[in-house]
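**Student:** Quick one: the structure is below, and I'll ask about it shortly.
The values are calculated or read from the model by the stated rules, or taken from the named source; none is laboratory data. Bear in mind that the values here come from a model prediction, so they are computed numbers and not experimental data. Positions of Cβ are generated from backbone atoms using ideal geometry, with glycine treated the same way; all protein chains shown enter the neighbour counts. When the accessible area is computed, the model is the full protein with side chains, heavy atoms only, and any ligands, DNA or RNA have been set aside. Shrake-Rupley method; radii C 1.70, N 1.55, O 1.52, S 1.80 Å.
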Amino acid sequence: MLTIAVTGATGAQGGATARALLVAGHRVRALTRTPAAPAAEALRRLGADVRYADFDDRTSLDAALAGADSLFAVTTPFGTDTATEVRQGRTLLDAAAAARVGHIVFTSAAHADRGTGIPHYDSKAEIERHLRTTGVPWTVIAPAAFMDNFASGWTLEGLRESTFAWPMPADRALTLIPADDIGAFAALVLRRRSDFTGRRIDIASDELTAARIAAALSAATGRPVTHREVPLSYVRTHSHDLAAMFSYFTSTGLDVDVTGLRRAHPEVGWHTFADWAATQDWPALLTPTPKEPALS
């Protein structure tokens with residue numbers, strides 16, 4: 001039985017990884033800045049050892065990582081910026097090396113090692129480079145686009161108007177993965193360290209065009225959903241980073257070997273987009289809340 005520290009434990013990827021490890025019988029240290037949050041309490045009820053840790057507080061990281069066998073590391077620029085993400089990522093990896101953990105699994109982004117020009121991909125590539133200098137056995141898993149994002153934000157606002165508003169042409173395919181599959185794959189890598197050490201693996205569960213995503217959402221929600229291509233110029237007014245990402249998705253695409261991953265690692269239980277969509281509580285999601293503005 002391993003003791004595995006999981007950062008971002010109250011978030012999507014970290015939470016999914018923590019749950020998968022607990023199901024597999026491992027000791028999980030769920031690291032979070034908010035140990036009293038409902039998501040942290042839910043992990044505590046499942047058996048996780050919830051501990052305070054802050055990427056900007058090296059002392060807290062040293063304490064949280066002491067005696068851990070492995071680390072699941074996730075970083076994000078959202079809420080701060082890419083320079084902060086890189087700085088925090090380096091601090092986390094240095095703390096793990098000082099704690100002499102035996103294996104680090106860093107979750108990056110598919111194609112982040114290809115010089116995409118997408119700011120939040122390039123920041124992860126920089127953290128990957130630092131990871132290789134730590135002297136700690138490592139694995140990089142690199143998820144494709146998150147299915148979970150289709151149930152939030154401006155995508156969800158569009159669905160409330162029966163529109164799949166998406167900054168890609170209807171016939172352009174995109175590889176996708178839900179957080180649960182990221183967690184299941186991360187748990188597999190952490191359990192089978194020797195099979196994955198020194199490897200970087202792009203991961204995805206399904207590949208669909210925007211038109212097929214709209215059709216799957218229509219079937220799952222029980223209401224007609226029509227794809228509408230959002231101009232990149234509009235996305236750019238909100239985020240140059242996301243505009244660069246969607247430009248890359250359209251021009252180059254995320255070529256991830258979905259078939260090969262399913263064949264090599266069936267134990268992950270990969271979900272199709274239709275599988276994922278069928279599990280969402282669409283009646284609740286599609287009901288606007290007072291705090292959310294109507295789609296213009």
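**Student:** Take THR163 and tell me if it is in contact with a Gly (Cβ under 8 Å, 6 or more places away or on another chain), touching a residue at least 60 places away in the same chain (Cβ under 8 Å) and among the β-branched types (Val, Ile, Thr).
**Tutor:** Details: in contact with a Gly (Cβ under 8 Å, 6 or more places away or on another chain): no; touching a residue at least 60 places away in the same chain (Cβ under 8 Å): yes; among the β-branched types (Val, Ile, Thr): yes.
The answer is no for THR163.
**Student:** I'd like to check something: does the range 171-190 contain any residue that is open to solvent by less than 70 Å² (accessible area, probe 1.4 Å), within 24 Å of PHE78 (Cα to Cα) and either more than 21 Å from the chain's Cα centre (by Cα) or among the polar types (S, T, N, Q) (or both)?
**Tutor:** The answer is yes; a qualifying residue exists.
**Student:** Among the residues of the range 28-74, which ones are of a type in the set (Val, Ile, Thr) and over 26 Å from ALA109 (Cα atoms)? Spell out how you get there, then give the answer.
**Tutor:** The initial filter retains those residues of the range 28-74 that are of a type in the set (Val, Ile, Thr), namely 28, 32, 34, 50, 59, 74.
Scanning the range 28-74 gives VAL50, THR59.
**Student:** Among the residues of the range 253-275, count how many are in contact with a helix residue (DSSP H, G or I) (Cβ under 9 Å, 6 or more places away or on another chain) and open to solvent by less than 80 Å² (accessible area, probe 1.4 Å).
**Tutor:** 11
**Student:** Let me ask another. Open to solvent by 30 Å² or more (accessible area, probe 1.4 Å) and within 15 Å of GLN280 (Cβ to Cβ): is that true of GLY198 in this structure?
**Tutor:** Values: open to solvent by 30 Å² or more (accessible area, probe 1.4 Å): yes; within 15 Å of GLN280 (Cβ to Cβ): no.
Considered against the rule, which asks whether it is open to solvent by 30 Å² or more (accessible area, probe 1.4 Å) and within 15 Å of GLN280 (Cβ to Cβ), GLY198 comes out as no.
**Student:** Within the range 247-276, how many residues turn out to be under 19 Å from the mean Cα position of the chain (by Cα) and outside any loop (DSSP other than H, G, I, E, B)?
**Tutor:** Selection size over the range 247-276: 10.
**Student:** Have a look at PRO266, PRO288 and point out the one that is over 24 Å from ILE141 (Cα atoms) and not β-branched (Val, Ile, Thr). Lay out the reasoning, then the answer.
**Tutor:** Working: PRO266 fails: over 24 Å from ILE141 (Cα atoms).
None of the others qualify; the one that does is PRO288.
**Student:** Can you name every one of the strands (runs of 3 or more DSSP E) wholly within the range 163-245 that holds 1 or more residues which are hydroxyl-bearing (Ser, Thr, Tyr)? Before you say what the answer is, go through the steps one by one.
**Tutor:** Working: elements: 163-166, 173-177, 199-203, 206-209, 226-229.
Answer list for the range 163-245: 163-166, 173-177, 206-209, 226-229.
**Student:** Next up: Of the numbered conditions (1) under 19 Å from the mean Cα position of the chain (by Cα); (2) open to solvent by 30 Å² or more (accessible area, probe 1.4 Å); (3) free of Cβ contacts under 8 Å to residues at least 60 places away in the same chain, GLY11 fails exactly one; give the number of that condition.
**Tutor:** Tallying (1) under 19 Å from the mean Cα position of the chain (by Cα); (2) open to solvent by 30 Å² or more (accessible area, probe 1.4 Å); (3) free of Cβ contacts under 8 Å to residues at least 60 places away in the same chain, GLY11 fails exactly one: (3).
**Student:** Given the range 26-143, what strands (runs of 3 or more DSSP E) lie entirely inside it while holding 3 or more residues that are modelled with pLDDT of 95 or more and either closer than 28 Å to TRP270 by Cβ or open to solvent by less than 40 Å² (accessible area, probe 1.4 Å) (or both)? Write out each step before concluding.
**Tutor:** On the way: elements: 27-32, 49-52, 70-74, 103-107, 138-143.
Filter on the range 26-143 gives 27-32, 70-74, 103-107, 138-143.
**Student:** Looking at ALA210, ALA278, ALA220, ALA215 in this structure, which one is open to solvent by 50 Å² or more (accessible area, probe 1.4 Å) and in contact (Cβ under 8 Å) with a residue 12 or more places away in the chain? Don't jump to the end; show me each part of the working.
**Tutor:** Details: ALA210 fails: open to solvent by 50 Å² or more (accessible area, probe 1.4 Å); ALA220 fails: open to solvent by 50 Å² or more (accessible area, probe 1.4 Å); ALA215 fails: in contact (Cβ under 8 Å) with a residue 12 or more places away in the chain.
Exactly one residue qualifies, and that residue is ALA278.
**Student:** Also: What are the pairs, 6+ residues apart or on separate chains, where a residue within the range 56-74 that is touching a residue at least 24 places away in the same chain (Cβ under 8 Å) and of a type in the set (Asp, Glu) has its Cβ under 6 Å from a residue that is surrounded by 14 or more Cβ atoms within 10 Å (Cβ to Cβ) and assigned to a strand (DSSP E or B)?
**Tutor:** Between residues of the range 56-74 that are touching a residue at least 24 places away in the same chain (Cβ under 8 Å) and of a type in the set (Asp, Glu) and residues that are surrounded by 14 or more Cβ atoms within 10 Å (Cβ to Cβ) and assigned to a strand (DSSP E or B), the close pairs are ASP69/THR3.
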